[in-house]
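Chemist: One structure coming up, written as structure tokens, with questions to follow.
The values are calculated or read from the model by the stated rules, or taken from the named source; none is laboratory data. Note that the structure is a prediction, hence the values are computed from the model and not measured. Counting neighbours? That spans all protein chains shown, and the Cβs are built from the backbone with ideal geometry, glycine included. Side chains are part of the model used for accessible areas, which takes the heavy atoms of the whole protein and leaves out ligands, DNA and RNA. Shrake-Rupley method; radii C 1.70, N 1.55, O 1.52, S 1.80 Å.
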Amino acid sequence: MQKTTNVISESNIERLFKLRANNTNIKTEIIAGITTFMTMAYILIVNPSILSAAGMDFGALFTATALSSIIATLVMAFHANLPFALAPAMGPNAFFAFTVVLTMGYSWEFALTAVFLEGIIFLILTFFNVREAILNSIPIQLKKAVSVGIGLFIAFLGLVNSGIVISGKFINDQGQLDGLPVSIGHISSGPALLALTGLIITGFLLSKNVKGALLIGIVVTTIIGIPLGVTVIPEGFKIFSAPPSLSPILFKFEWNNIFSVDMIIVLFTFLFVDLFDTVGTLVGVATKADMLDEKGNVPNAKQALLADAVGTTVGAIFGTSTVSTFVESAAGVADGGRTGLTALSTAIMFIVALFLSPLFIMIPSAATAPALILVGLFMISPIKEIDFDDLTEAIPAFLTIIMMPLTYSISEGIVFGILSYVILKVLNGKQKQITPLLYVISILFIIKMILG
């Protein structure tokens with residue numbers, strides 16, 4: 001009976017996720033999903049930390065972050081069958097708290113209303129295939145460049161999170177160059193030393209082709225961090241804990257001033273950043289995973305884009321900022337994830353995290369940094385396929401690659417890449433290589449730059 005049950009179970013999984021067609025198996029997909037979760041688990045603490053600066057309840061934000069991630073990632077798993085995970089995005093959450101609320105002076109309820117409207121607009125744009133058209137309009141050379149740029153971006157993210165690289169004072173009070181923008185950190189200090197140790201351990205496991213090397217590296221590095229004082233075990237540590245209530249931030253919308261100029265600017269900024277961050281992540285990670293179809297397009301793109309539209313809408317109802325596809329999904333892809341089973345495994349880990357929050361909160365960023373750094377290595381391989389002989393292709397690709405880590409933004413890299421692509425093609429009389437939609441996107445980019 002047990003054997004029959006297992007066969008039925010495996011058959012259902014195969015039918016849902018088409019594992020054999022994607023040259024993968026259940027074990028690989030589950031490990032990949034856990035790896036993705038481990039590299040992005042920081043969002044469970046970082047997102048509440050940022051949004052609580054706007055006066056929102058930290059505990060409720062923890063629950064909202066987890067629930068919105070679960071729902072959006074489940075949509076990705078079952079509707080798109082892609083190995084990508086979603087969660088409240090870094091960048092929009094800072095804009096939400098520090099610009100809309102603390103600088104512009106609006107309430108966090110006003111900001112949540114803008115996020116909710118953004119989600120509704122994304123649902124409409126996705127239904128009418130507008131977002132999919134934008135995704136498919138990006139030239140193939142730029143798609144490869146996006147993958148490389150994301151690789152450098154997440155490697156840089158890992159280096160900064162661990163303290164191996166630190167930011168310096170770049171511009172003084174007189175607006176003059178003063179020192180280096182970044183420099184080597186205190187590598188003999190706890191976090192940086194732990195990250196370097198984890199980098200060696202994880203690199204060794206990868207060189208030996210150990211399955212789940214990234215996940216094993218994170219766990220081992222976390223354990224090593226205990227005697228170093230980097231992995232902190234809280235006093236009165238309990239493994240199990242009920243999720244905090246959502247009530248302080250649930251359904252908290254403010255409809256006053258929704259037709260104001262400020263609302264338009266706030267809404268446009270949320271729309272712009274999330275649209276091109278998600279597009280960039282989908283293109284970059286799918287390119288690295290060799291998942292693009294014969295036309296160079298992301299499979300099930302419309303379904304994938306629906307996931308973050310649903311996540312953003314539901315997330316705003318729960319009380320959190322814009323939900324987007326996470327670049328850390330590349331860690332799961334690097335570990336062999338190819339289908340929605342990877343995303344399902346990540347969603348399950350978020351469900352577990354709701355009740356094991358003390359355990360997951362304990363994982364330091366220094367322990368996940370080695371995985372991000374090494375995934376950066378895997379992501380840059382498409383650079384070999386970029387045509388550097390044609391400078392109208394090479395220059396936009398280069399700007400896409402270099403601007404992502406230097407601006408700390410996937411969307412800004414895409415802006416520089418597409419604008420330079422259109423300008424150079426026009427100046428060289430190659431307008432036929434530019435689609436009408438690329439012209440429209442370029443105009444929108446220019447408007448965004450004017451509005452700031």
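Chemist: So which of Ser167, Ser247 ends up being at pLDDT below 90 and out of contact with any Leu (no Cβ under 6 Å at 6 or more places or on another chain)?
Modeler: Ser167
Chemist: Looking only at the range 214-243, count every residue that is under 25 Å from the mean Cα position of the chain (by Cα) and within 30 Å of Leu112 (Cβ to Cβ) and tell me the total.
Modeler: Going through the range 214-243 one residue at a time, the tally reaches 1.
Chemist: Among the numbered criteria (1) in contact (Cβ under 8 Å) with a residue 60 or more places away in the chain; (2) outside any helix (DSSP H, G or I), which one does Leu359 miss?
Modeler: Status for Leu359: all satisfied but (2).
Chemist: Now for a separate question. Is it true that Phe110 is open to solvent by 60 Å² or more (accessible area, probe 1.4 Å), among the hydrophobic types (A, V, I, L, M, F, W, C) and more than 17 Å from the chain's Cα centre (by Cα)?
Modeler: In short, no.
Chemist: Evaluate the following for Phe58: is it modelled with pLDDT under 95 and either among the basic types (Lys, Arg) or closer than 19 Å to Ala111 by Cα (or both)? Before you say what the answer is, go through the steps one by one.
Modeler: Details: modelled with pLDDT under 95: yes; either among the basic types (Lys, Arg) or closer than 19 Å to Ala111 by Cα (or both): yes.
Judged against the criteria, Phe58 is a match.
Matching residues to (1) in contact with a His (Cβ under 7 Å, 6 or more places away or on another chain); (2) in a helix (DSSP H, G or I); (3) among the hydroxyl-bearing types (Ser, Thr, Tyr); (4) at pLDDT 85 or above:
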| site | (1), (2), (3), (4) |
| --- | --- |
| Ala145 | no, yes, no, yes |
| Gly175 | no, no, no, no |
| Pro191 | no, yes, no, yes |
| Leu215 | no, yes, no, no |
| Ile218 | no, yes, no, yes |
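Chemist: Anything in the range 393-414 that is farther than 21 Å from Ala155 by Cβ and either open to solvent by less than 10 Å² (accessible area, probe 1.4 Å) or in contact with an Asp or Glu (Cβ under 8 Å, 6 or more places away or on another chain) (or both)? List them, or say none.
Modeler: Passing the criteria: Glu393, Ala394, Pro396.
Chemist: Next question, about the same structure. Return only the number of the condition from (1) open to solvent by 50 Å² or more (accessible area, probe 1.4 Å); (2) without any contact (Cβ under 8 Å) to a residue 24 or more places away in the chain; (3) not in a loop (DSSP other than H, G, I, E, B) that Leu205 does not satisfy.
Modeler: Looking at each condition in turn, Leu205 falls short on (1).
Chemist: Out of the range 93-107, which residues are closer than 13 Å to Asn47 by Cβ and crowded, with 22+ Cβ neighbours inside 10 Å?
Modeler: Residues satisfying the conditions are Asn93, Phe96, Ala97.
Chemist: Is there any pair with a first residue in the range 89-101 that is closer than 14 Å to Thr65 by Cβ and a second that is of a type in the set (Asp, Glu) and surrounded by 17 or more Cβ atoms within 10 Å (Cβ to Cβ) whose Cβ atoms are under 8 Å apart and which are 6 or more apart or on different chains, and what are they?
Modeler: If the second residue must be of a type in the set (Asp, Glu) and surrounded by 17 or more Cβ atoms within 10 Å (Cβ to Cβ), the pairs left are Ala89/Asp274; Ala89/Asp277; Pro92/Asp274.
Chemist: Condition (residue is loosely packed, with under 15 Cβ neighbours inside 10 Å, hydroxyl-bearing (Ser, Thr, Tyr) and outside any helix (DSSP H, G or I)) applied to the range 222-234: is it met by at least one residue?
Modeler: Looking for residues that are loosely packed, with under 15 Cβ neighbours inside 10 Å, hydroxyl-bearing (Ser, Thr, Tyr) and outside any helix (DSSP H, G or I), one finds none in the range 222-234, hence no.
Chemist: Scan the range 263-305 for residues that are free of Cβ contacts under 8 Å to residues at least 40 places away in the same chain and assigned to a helix (DSSP H, G or I) and jot them down.
Modeler: Correct list: Ile264 only.
Chemist: Follow-up question, since we're still on this one. Name the residues in the range 113-141 that are open to solvent by 40 Å² or more (accessible area, probe 1.4 Å) and either polar (S, T, N, Q) or on the phi > 0 side of the Ramachandran plot (or both), would you?
Modeler: Asn129, Asn136
Chemist: Kindly check whether there is at least one residue in the range 372-390 that is more than 25 Å from the chain's Cα centre (by Cα), touching a residue at least 40 places away in the same chain (Cβ under 8 Å) and surrounded by fewer than 21 Cβ atoms within 10 Å (Cβ to Cβ).
Modeler: There is at least one residue in the range 372-390 that is more than 25 Å from the chain's Cα centre (by Cα), touching a residue at least 40 places away in the same chain (Cβ under 8 Å) and surrounded by fewer than 21 Cβ atoms within 10 Å (Cβ to Cβ).
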